[in-house]
Amino acid sequence: MSLIHIAWRNFCHRALSSFLTTFSLALGVGLVVLVLSIYGVISEAFTRNASVGYNLVVGPKGSPLQLTLNSVFYLSQPIENLPYTEYMEFLPKDERAAMVSRFGGDPKLAERDGRYAPYIAGGFAIPLALGDYYGEFRVVGTTPDFFTKLKHGPNVDEDFTFSEGRAFKDFSAEHSYFESVVGSRVAKDMKVKLGDQFFPTHGDPSGHGHELGFTVVGILDPTGTPNDRAAFVNLEGFYLMDGHAKPVEADQQSENDDGNLLDEAIDAEESNEAQPETDPTPNANAAASNGVRLVQTGAGESEVGPDSTAPDTAGKRPNEYRLLSIPEREVTSILIRNGNIMFAPGMQNAINEGIRSQAAAPIGEINKLMNLIVGPLLTALLAITGITCAVAAIGILVSIYNSMNDRRRDIAIMRALGARRTTVTSIIIFESFQVALIGTIAGWLLAHAAIVMYSGQIEDQTGVQVGFFTTSNYEILVLPLVLALALIAALLPAWAAYRTDVGSNLSA
Amino acid sequence: MTQLLEIKDLKKSFAQPEGGRLVVLDIPEFQIAKGEQMALIGRSGGGKTTLLHLIAGLLAPDQGSIRIAGIETNGLSEQGRDRFRAETIGYVFQTFNLLPAFTAIENVRLGMAFGSGKHQHSRAADLLTRVGLQDRFNYRPRQLSVGQQQRVAIARSLAGRPKLLLADEPTANVDPSSAESVLELIRETCREEEVSLLTVTHDMQIASRFDGIRELDEINQVDHTSTSSA
């Protein structure tokens, strides 16, 4: 008969007391495991969200965290906008030339590679334009590259796939520039179907609605990223909405009036790029002179999409829209993937040394956020649950210690049968370990059962899939820690067992 | 005749709350031969249980020698005494002292659990069968009658194949009709197992069943009215 068997018999003999002690410990362990799991889910969600195939986000000077939050997580407000020319700095000469040719702008822009183009050779730069909402969800103006070049998933190797439909096109005969793709959560919450049309609101969810609507041509499969909570629209269509064109003349006036050093520096930078010496597009020139917005000014004023006779959502034919010229265009941020990741730090430094833009590494920013806010919160939660476990351990102590009065006689009998002092001490410690082991396993099972119960909601909210055996790295530490607590809790009763006087207790 | 237990110049005293020490035992000489069954008679409070505890190594004497099966137990460490007790001595208590958390057969197996020998289930089953409890293996003490509990205690005391069985008023808590059968059971199993038996009792009727009878007052030189300073 082993000592563990003897300890187990003692555990069973005091069934109610043992059960209550074990149950209280199980609740404490369950709380700890839940907190660790929640932290794991949060951590993974943040990491997954920050890992969608790009390594830098470029935006206006300001808080890199805010830039990350609004460009990666579609949270918080955009800092400011960048001129489109800043986006063009990431493109090679031929792509810049094609843009100048298509949209109109300073011909000099077409004469050189973008300043940062060599850094991202083999990678990509995808512009984002934010500011509008569809219901409570962010509208993200971007290019079709978003769906072909970005990846997601734990290893960032999964393409975006569509539960229905397809990615929007730069221009389609059917919907002109006004195609949209919605994330899975948007489709679910807004009850969106293919072919539905929505009209973004400007500035915030309750802002005024734009006149132009976007037709949903694709619904994304869930990705577990913030993209599930975004409505993507064609950047060209986004620019064509009222209020989205940069009022060039007014902007220039503002800069002149302001007169601070930064703006002067920006002016100097812009003078060779953004302000065309000879604007090839008459309408853009006209716009620059009268300061009016240039959207929907009539057919034939600028280069437009492919010739089509299909009417768009506002009743106009596609060739009735004139795309914004380069000076009128702005982007909120640019998602960058370096072809060779070794170039990323150099490019980040080069951008940050400039006066207009900043480059932030999303994962680094998220790690800072985790360390600054989530980490301390987790520590506080762990401290609270740790105290719960300590209280449960004290429960073990009280339970066993209180039973010592009843079991002194048992100990004396065992000693009379030849048990050593260390043997009876070991039995007490084993008994405490049994409570700890059963409590820990029960707590772990309880916590993971709860996690599985809510796994659907967790996946909906965070995109993180959790199963019964999804464990945090820290969970492996729970059992040794609880056993250590149990050992500490057992010391006092074990000492009492060690000191039990055989003669007096046998005669009692 | 070979002596199994030899006691010489054994003294034991206990500290008193008011100071000083109360000498309980002072035994110049006492022996039990191998296979002998002896009854030791004494009045209550006379030091009978203390003597058994000293022989069993549960208490350490102030001075003197206790030699069992040729081994001087006073020379052993506490752990050594524990082991020696587990392997050499069986103990039947006045109040049976079965562990309530364990079944009858588990209680018997406990008698083998702390020695170096094997603690076989078959040995425990055999002993329980010999004491007439073959259909009570898995009963817990509270489910057994007083007499049955004492039978389990007897089986347990012999489980470790001891050389010496110490029985402390083994019939004190059983009814008179059962007392005789319990006593006979102890004596018979000791004979079968070739175990020496020392039974302490205050009951002359019980003592009269034994071949050898000694009175504690004869071998103990302590005057129980005296107190001496240590």
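With respect to the conditions (1) surrounded by 17 or more Cβ atoms within 10 Å (Cβ to Cβ); (2) among the hydrophobic types (A, V, I, L, M, F, W, C); (3) more than 10 Å from chain A (Cβ to nearest Cβ); (4) more than 24 Å from B:F14 (Cβ to Cβ), B:L99 falls short on a single one, namely (3).
Among all positions in segment B:31-41, there is no residue which is within 14 Å of chain A (Cβ to nearest Cβ) and either surrounded by 15 or more Cβ atoms within 10 Å (Cβ to Cβ) or in contact with a strand residue (DSSP E or B) (Cβ under 7 Å, 6 or more places away or on another chain) (or both).
With B:R109, B:R81 as the choices, which residue is facing chain A (nearest Cβ under 10 Å), of a type in the set (K, R) and more than 15 Å from A:V502 (Cα to Cα)?
Residue meeting the stated conditions: B:R109.
Just for segment B:164-181: of the residues that are within 14 Å of chain A (Cβ to nearest Cβ) and of a type in the set (A, V, I, L, M, F, W, C), which one is surrounded by the most Cβ atoms within 10 Å (Cβ to Cβ)? That would be B:A167.
For segment B:158-230, which fully contained helices (runs of 4 or more DSSP H) count at least 3 residues that are within 22 Å of B:V23 (Cα to Cα)?
Output list reads B:216-219.
Residue-level check: of (1) over 16 Å from B:I7 (Cα atoms); (2) touching a Phe, Trp or Tyr at 6+ places or on another chain (Cβ under 8 Å); (3) buried (at least 18 other Cβ atoms within 10 Å of the Cβ), B:A56 misses just (1). Sub-6 Å Cβ pairs linking a first residue in segment A:450-473 that is at pLDDT 80 or above to a second residue that is outside any helix (DSSP H, G or I) and loosely packed, with under 15 Cβ neighbours inside 10 Å, at least 6 apart or interchain, are A:V452/A:F468, ordered by first then second residue. The set of residues in segment A:138-158 being assigned to a loop (DSSP other than H, G, I, E, B) and of a type in the set (D, E) consists of A:D157 alone.
Looking across segment A:400-431 at every residue that is more than 52 Å from the chain's Cα centre (by Cα) and of a type in the set (D, E), the one that is farthest from the other protein chains (Cβ to nearest Cβ) is identified as A:D406.
One line per residue, one yes/no per condition, for (1) surrounded by fewer than 16 Cβ atoms within 10 Å (Cβ to Cβ); (2) within 14 Å of another protein chain (Cβ to nearest Cβ); (3) outside any helix (DSSP H, G or I):
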{"position": "A:F433", "(1), (2), (3)": "no, no, no"}
{"position": "A:G443", "(1), (2), (3)": "no, no, no"}
{"position": "A:A450", "(1), (2), (3)": "yes, no, no"}
{"position": "A:P480", "(1), (2), (3)": "yes, no, no"}
{"position": "A:G503", "(1), (2), (3)": "no, yes, no"}
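Could you check, for segment A:235-250, whether at least one of its residues is at pLDDT 85 or above, under 24 Å from the mean Cα position of the chain (by Cα) and more than 15 Å from A:L323 (Cβ to Cβ)? There is no residue in segment A:235-250 that is at pLDDT 85 or above, under 24 Å from the mean Cα position of the chain (by Cα) and more than 15 Å from A:L323 (Cβ to Cβ).
Rundown of residues vs (1) at pLDDT 85 or above; (2) within 14 Å of another protein chain (Cβ to nearest Cβ); (3) surrounded by 23 or more Cβ atoms within 10 Å (Cβ to Cβ), yes/no style:
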{"residue": "B:F114", "(1), (2), (3)": "no, yes, yes"}
{"residue": "B:G117", "(1), (2), (3)": "no, yes, no"}
{"residue": "B:Q120", "(1), (2), (3)": "no, yes, no"}
{"residue": "B:L133", "(1), (2), (3)": "yes, no, no"}
{"residue": "B:S145", "(1), (2), (3)": "yes, no, no"}
{"residue": "B:R151", "(1), (2), (3)": "yes, no, yes"}
{"residue": "B:P162", "(1), (2), (3)": "yes, yes, yes"}
{"residue": "B:E194", "(1), (2), (3)": "yes, no, no"}
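The values are calculated or read from the model by the stated rules, or taken from the named source; none is laboratory data. Please read all numbers here as calculations on a predicted model, not as lab measurements. Neighbour counts run over all protein chains shown; Cβ positions are idealised from the backbone, glycine included.
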